[in-house]
Amino acid sequence: MNPSQPRKRACQSRLLNITFQLFSWVGAWLATCALMSFGPRFLWNSATAFTLLAVGLNFCAGVGLIVAHKRYLANLDELQRKVYLHALGITVGVVLIVSLPYAVLDRFDIVHLKAEVSDVLILMTVTFLASLLNGLRRYR
């Protein structure tokens with residue numbers, strides 16, 4: 001057995017654990033987004049105190065997500081980090097180039113679709129995943 005194999009397995013195990021933590025925080029943040037969005041209408045009949053509590057929970061889950069994401073990035077190796085940050089850079093560029101003109105077109109009723117924050121989140125997700133998968137494929 002190669003002496004570096006136990007160390008490699010330990011790194012893979014640590015990265016798997018940190019990835020699971022990141023996905024757990026993503027799940028918590030998404031759950032609090034749903035609670036914050038749908039709770040006032042379907043669960044507590046627009047009670048301000050519960051809505052503020054849901055917003056506070058969402059904020060706390062967001063902070064936890066940021067910390068978990070930072071920890072995740074710190075545990076990637078150089079190539080993984082390069083691919084990941086490249087995908088993030090492409091995502092920021094696409095979102096800026098597409099969302100701002102789209103909002104202007106919406107404001108002046110040139111497009112008949114209402115510009116929503118969810119549209120930006122979907123654009124970010126699709127762009128990031130496509131960029132990440134392309135980067136991973138390129139460096140294999």
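Could you give the size of the charge dipole of the stretch 5-101 about its Cα centre, using +1 on the Cβ of each K and R and -1 on the Cβ of each D and E, expressed in debye and rounded to the nearest 20? Walk me through the numbers before you get to the answer.
Values: 9 positive and 2 negative charges, 84 e Å.
The calculated dipole for the stretch 5-101 is roughly 400 debye.
Could you sort 107-118, 59-70 so that the peptide with the highest average Cβ count within 10 Å comes first and the rest follow in order? Let's see the in-between values first.
Values: 107-118: 9.6, 59-70: 15.0.
Per-residue Cβ counts within 10 Å, averaged per peptide and sorted highest first, yield 59-70, 107-118.
What distance in nm lies between label points placed 7 Å from Cα along the C-beta direction at Gln5 and His86?
Going from the Gln5 label point to the His86 one covers 3.1 nm.
Can you tell me the order of 91-97, 126-132 when each peptide is scored by its average per-residue count of other Cβ atoms within 10 angstrom, highest first?
Numbers: 91-97: 14.0, 126-132: 16.0.
The most tightly packed comes first, giving 126-132, 91-97.
Build a GNM of the chain with springs between Cα atoms under 10 Å: which of Leu79, Leu16, Leu53 gets the top mean-square fluctuation?
Leu53
Just so you know, all these numbers are worked out from the coordinates, no wet-lab data involved. None of these values were measured; they are calculated from a predicted model. Because the Cβ atoms are built from the backbone with ideal geometry, glycine has one as well, and the counts that use them run over all protein chains shown.
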